[in-house]
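What follows is a short report on a single structure.
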Amino acid sequence: MATHTPKPVDLSHIKALSFDLDDTLWAVMPVIQAAETASREWLLEHYPDTHNFFTDSSVLNLRAKVFDEFPDSSHDLSFLRREYLGRLLESSGYNRDGVEGAFEAFTYARNTIDLFDDVEPFFKKVAPNYTCLALTNGNACVKRTPLHSSFETYLTAISVGAAKPAPHMFEAGLNAHELEPHEMLHIGDDLITDVKGAALLGIPTVWVNRFGRSWTSDHHAPNYVVNSLVQLQHILTPGG
């Protein structure tokens, strides 16, 4: 577990809360697995000869090849998935006409999420006191989730052209609401993309450690560590 302690800061200046999404507000692996299944089933129904790709490691190899060929697009998961789907279809003897259908099947399931139990109460009771932003490296779309009305700003690695921990997304969030770094509190589950990325700009951070992950001196120290948004609520509204 942690080998050093968090560094609490004065939160009286906080005007905005920025949130990571995957594994912060919902568990991502069940969602991705369901989305992969939905995309595969759509392909098998409409393009049955793709079945050869789903019987061995061909899919993983093809996906890895696409990632290797487009390192400058590593932040754009939607582009990479469309390219992978197109190549899968072509390798199965089809043209690329089915790319959007398979992609939409994936996207629909990708945004069919189950919020952690503490998320909805937090967004009803605490979040309305702040400007709320969603900052994600993934391709979930909050407008298609139960949190569609919870965020004033929604930023992705695709929309800003770079993934966290690069500063682009954090800077875009600050600029969108004319905030100074000390006026925004970033909340996320990843010690690199969330904690380090925000801390390098002087943005205070909350590490949401839902899964008991370890934290060593190699990492930037978050200002707060919580295992649920219930704990975050107590930090933001002591005695409330």
* Asked: Taking the Cα centre of the range 29-110 as the origin and placing charges on Cβ (Lys, Arg +1; Asp, Glu -1), which of Pro71, Thr107, Pro30 is farthest toward the positive end of the dipole?
  -> Pro30
* To do: Could you tell me which chymotrypsin sites (Phe, Trp or Tyr not before Pro) in the range 1-74 are loop residues by DSSP with no more than 14 other beta carbons within 10 angstrom of their beta carbon?
  => none
* Can you run phi through the Karplus equation (6.51, -1.76, 1.60; θ = phi - 60°) for the range 82-97 and list ³J(HN,Hα) in whole Hz, with x for Gly and Pro? -> 4, 5, 4, 5, x, 5, 4, 5, 4, 5, 9, x, 10, 8, 8, 4
* Asked: DSSP beta bridges in the chain, what fraction antiparallel, as a percent rounded to 5?
  -> 5 percent
* For the range 82-117 and the range 166-181, what is the separation of their Cα centres, given in Å? -> 32 Å
* Cβ-placed point charges (K, R +1; D, E -1), dipole of the chain about Cα centre in debye, nearest 20 -> 360 debye
* Counting Lys and Arg as +1 and Asp and Glu as -1, what is the net charge of the other residues whose Cβ lies under 10 Å from the Cβ of Asp189? -> -3
* Structure fact -> In debye to the nearest 20, the charge dipole size for the range 29-110, taken about the Cα centre with +1 at each Lys and Arg Cβ and -1 at each Asp and Glu Cβ, equals 140 debye
* Quick one: dipole size for the range 82-200, taken about the Cα centre, charges +1 on Lys/Arg Cβ and -1 on Asp/Glu Cβ, in debye to the nearest 20. => 240 debye
* Any chance you could give the angle, 0 to 90 degrees and rounded to 10, that helix 28-46 forms with the longest Cα principal axis of the chain? => 20 degrees
* For helix 99-110, report the angle its Cα long axis makes with the longest principal axis of the Cα atoms of the chain; keep it between 0 and 90° and round to the nearest 10°. => 40 degrees
* Of the listed pairs Lys15/Lys196; Lys15/Lys164; Lys125/Lys196; Lys65/Lys143, which have alpha-carbon separations greater than 26 Å here? => Lys125/Lys196; Lys65/Lys143
* Neighbour net charge for Phe106 - beta-carbon separation under 11 angstrom, K R +1, D E -1 -> 0
* Asked: Of Asp189, Asp72, Asp114, which has the largest mean-square fluctuation in a 10 Å C-alpha GNM of the chain?
  -> Asp72
* the chain, relative contact order [Cα under 8 Å, separation at least 6], % -> 27 percent
* Can you list, bin by bin at 10 Å, the percent of alpha carbon pairs in the chain, starting at 0? -> 7, 29, 32, 19, 10, 2, 0
* Could you grab the relative contact order for the range 59-192? Cα pairs under 8 Å, six or more apart, rounded to a whole percent. => 18 percent
* Asked: So what does log10 I(q)/I(0) come out to for the range 53-146 at q = 0.16 Å⁻¹, using the Debye formula with one equal point on every Cα and no solvent?
  -> -0.80
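Only the coordinates and a few stated rules stand behind these numbers; no lab work does. On a predicted model such as this, the values are computed, not experimentally measured, just so you know. Backbone-built Cβ (ideal geometry, glycine too); neighbour counts: all protein chains shown.
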